[in-house]
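First comes the structure, then the notes that go with it.
The values are calculated or read from the model by the stated rules, or taken from the named source; none is laboratory data. Bear in mind that the values here come from a model prediction, so they are computed numbers and not experimental data. Glycine also receives a Cβ, built like all others from the backbone with ideal geometry; neighbour counts cover every protein chain displayed. Ligands, DNA and RNA are excluded from the accessible area calculation, which covers all protein heavy atoms including side chains. Shrake-Rupley method; radii C 1.70, N 1.55, O 1.52, S 1.80 Å.
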Amino acid sequence: MGKTRKVIGCMLGNLVAVLTSLIVIIPLVVLFLNSFKTAGEANKMTLSLPKEWMFENYGKVIEQGKLLSSFFNGLLYAVFSVVIVVILVSAAAFVISRNPKGINRFLYYFIISGIALPINNVALMKVLQVLHLVNTQLGIILLYAAINIPLSLFLTYGFIGTIPRELDEAAVIDGCRPGQLFIRVIAPLMKPIVSTLFVLDFMDVWNDFTMPLYYLNNSRKWPMTLAVYNFFGAFEYSWNLVAADIILTLAPVLVVFIIGQRYIVGGVSAGSVKG
């Protein structure tokens, strides 16, 4: 009787997972198919295959929507801000986790309080103006890094807490200095959390709309999200081109997510084997 209940529960769980997946996948399939249709066919937004595959839709979108510059802008903001976050958070989380007392404890709670606090755009604009970082690529990169540090530190701190301190002691006995201990012993074990941070922060930066809208008034510095918004305003009745534009915007995020999942699973598997 108990075994039957487990089987039924497993089947129901799988059914819910399949239905949930379809809710996400079907809109993507609709966009993908309609991105290859003519304007007349795409207006119906159906799951039917195109009568004629219009591959040139993507060429029109890239040329008329100025997506190449927007793509590299978005890539620049996402990659550099994530690299800054990963480097700073990894080092800070290690130090705080191994010595969670006094000023370290205060700094930890002070920083992670940013998870719950709202962004004050008026004050932030004043700070950027004083530092002459408004409407600059460096300014938006640093802004994204600062926004993603609190949650990233919280996750990394928890992960490093699971790494046994005995590894630190063994490395110190073997002659490792603090810097060598972090780089040679701790950093290689952080592959799963680093991959997780890269995926989460990359997706957050790539999909963000409000920060570049507020702090970048030069269209040549816009990322993909603002390029899609601007493109939709100009081609709102050409759903085939709009669909192609959205697919091109989603593609980098999907690639990063798939690659990141492989690294996360691989890192966890390797850690389990070593354990």
Degrees between helix 191-207 axis and first principal axis of the chain (Cα, 0 to 90, nearest 10): 40
With 10 Å bins from 0: P(r) over region 98-244, alpha-carbon pairs, percent: 9, 27, 28, 20, 11, 4, 1
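Beta carbons within 10 angstrom, averaged per residue: use that to sort the peptides 231-241, 10-20, highest first.
Numbers: 231-241: 17.0, 10-20: 10.0.
Top of the packing list down: 231-241, 10-20.
Can you check what the net charge comes to around Ser69, using other residues whose Cβ is under 11 Å from the Cβ of Ser69 (Lys, Arg +1; Asp, Glu -1)? Intermediate results must be reported in sequence, preceding the final value.
On the way: positive: Lys66, Arg220, Lys221; negative: none.
That sum, taken over residues with Cβ under 11 Å, equals +3.
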Rounded tilt (10° steps) of 239-274 against the dominant C-alpha axis of the chain: 30
Mean separation of Cα contacts under 8 Å (6+ apart) over length of region 124-214, as relative contact order %: 31
Calculated from backbone phi, Karplus (6.51, -1.76, 1.60) coupling profile of region 80-89 in Hz, x at Gly/Pro: 5, 5, 5, 4, 4, 4, 4, 5, 5, 5
The chain, helix-only ellipticity at 222 nm - DSSP H runs n ≥ 4, -39,500 (n - 2.57), divided by all residues, nearest 500: -24500 deg cm²/dmol
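From the convex hull of the Cα coordinates of region 1-139, what is the mean projected area in square nanometres? Numbers along the way, then the final one.
Details: hull surface 69.6 nm².
So the Cα hull casts an average projection of 17.4 nm².
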Nearest-ten-degree value, helix 224-234 long axis tilted from longest Cα axis of the chain: 20
Mean accessible surface per residue for region 1-79, computed with a 1.4 Å probe while every protein chain stays in place, in Å²: 69
Solvent-accessible heavy-atom area per residue, rounded to whole Å², over region 92-182 at 1.4 Å: 61
Gap separating the Cα centres of region 166-198 and region 129-161, nearest whole Å: 23
Cross-link partners of Lys37 among aspartates and glutamates (Cα-Cα below 14 Å; sequence separation of 8 or more within a chain): Glu52, Glu56, Asp245
Cβ-placed point charges (K, R +1; D, E -1), dipole of the chain about Cα centre in debye, nearest 20: 620
Area projected by the alpha carbon convex hull of the chain, averaged over all directions, nm²: 21.1
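Would you mind checking Lys191/Lys221; Lys44/Lys221; Lys6/Lys191; Lys101/Lys191 for any pair whose Cα atoms are more than 28 angstrom apart?
Working: Lys191/Lys221 32 Å; Lys44/Lys221 34 Å; Lys6/Lys191 35 Å; Lys101/Lys191 26 Å.
Violating the 28 Å limit, Cα to Cα: Lys191/Lys221; Lys44/Lys221; Lys6/Lys191.
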